[in-house]
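Peer 1: Dropping the structure in here first, questions after.
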Amino acid sequence: MTPDSRGRTTRRTASAVLCLMLLGACGGRAGKADGGAPSPTRPVPVASKSGRTTPSPSPSPSPSPADAKPGSWKVSYSGTSDDAMLIDLAAASERDAWALGITLGRDGKTFFLHYDGRQWRDHDAAAELPVLADLTDQRPRLRSSGPDNTWLFAGDPRKDFALLTARWDGRRWREVPPPPGRVDRQYQDAAVFAPDDVWMLAGPAVPPDQWPAEARTIWHWNGAHWTEVRLPAVATAIAGRAPDDIWAVGSLPGKEVYGTRRPEPAAMHYDGRTWRLSPVPHFDPPAPAAPGDDHGAELRKVVVSGPDGVWAVGTQSYRGDEPDEGDDEAPIVAHWDGSHWEKRLRAPYDATRPVASDGARGLLGPTARLHVDGTVDPVGAPPLIPGRSGGITDFDRSQRLELYGLVQVPGTRQVWGAGDISARGVEEFNFQRPVVVVYTRPPD
């Protein structure tokens, strides 16, 4: 999920420059190739109606998985709509996954895709739970721990200041009572371990006019009701590999500068009984920063790939060489090696981009893979897909991949991504097509 600006008037991000230096572009321009692409397990036919049914050609037949080139994105699903996007996905296994998308424009709607090990199929979730028909402005997110336990978290479009929680139980989508008094913009993240073991970061149980500026509240679902738990720091992301090994990251108030406390990065660990702070190193701003203490940092994403493979990604803000234009920003990355947190000086990730475990104690983002030893490998762009003409024109060669959700598929070498491939500039040729892409980790 994209963090808010937290009041900054200008964002001249050093992370964008870093991404450009490393890989040419954060979003990732599609590479030169035909429209074919491997599926996660075998060729995937296009579903009949994912998104609005604007006429457009079906993708070329997918080659076999053996044709996939490790280390690059491959398109496993491309929708038929020219004006839609996938915004998240969750994978219980290589044979069971869900993706959630929205169609764009005035009549925007939400659509669901279900992967059964052979193909992505449209799933009419609104027929089972009508409130799922339109979540376009509700920041919906999916989390899963198994084929009969996929959860959806979003704002509730039926009323103000409330959350929507729903669960796929293997047969249908059912609503789960949310914590009382929630508000959609207070939802941050969630971790799902079992039908009776779910953690959700959301606002405190007080009326809206009493919300603190920074909440330290997390909620736990035990199968019957939610329990509010106080955290030792503000948290914006949560992930875990087991019910007794969970991490949350965020920030703590730091030094007071000009009447405002600048944030310091914070990490918390849950051992099955208690949430405790885990010391995180201080991040100094990069060289262009103005002298003084007017800088801060916070962690916004966390990925857990093992007891000694925990990654946290965040942002540091500081006064640059033109302080009148507001704060500059740069990405930060920290790694837990099983005993302590260490900062990584080379940070190829913008904190607004999704990240996932690479399945080998490393970290994968849309355009780069960060190894546990600190080395960085670029991730290749996917092949070009046909444009509105049914072929690949010069205009179509400008298409770009944007990803909004990444998940490492348990028991495999693959990471799946949800997003869109788009080309823009000439109205009659523009398209924004929902896609699922697959990254296969190269042999060790």
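Peer 1: Using the basic label-point model (7 angstrom from Cα toward the beta carbon), what is the residue 133 to residue 444 distance in nanometres?
Peer 2: About 5.1 nm separates the two model spin labels.
Peer 1: For the residue pair residue 244 and residue 397, what label-to-label distance in nm results when each label sits 7 Å from Cα along the Cα-to-beta-carbon direction?
Peer 2: 5.9
Peer 1: With each label point set 7 Å from Cα along the Cα-Cβ vector, what nm distance links residue 124 and residue 95?
Peer 2: About 2.8 nm separates the two model spin labels.
Peer 1: Could you tell me how far the Cα centroid of segment 120-151 sits from the Cα centroid of segment 430-444, in Å?
Peer 2: Spelled out, the Cα-based centre of one part sits 21 Å from the other.
Peer 1: Arrange 219, 341 by Cβ neighbour counts within 10 Å, fewest through most, would you?
Peer 2: 341, 219
Peer 1: Sort 367, 440 by Cβ crowding within 10 Å, fewest neighbours at the top.
Peer 2: Lowest count first: 440, 367.
Taken together, the values in this text are just the output of simple stated rules run on the coordinates, not laboratory data. Not measured: the values here are computed from a predicted model. Because the Cβ atoms are built from the backbone with ideal geometry, glycine has one as well, and the counts that use them run over all protein chains shown.
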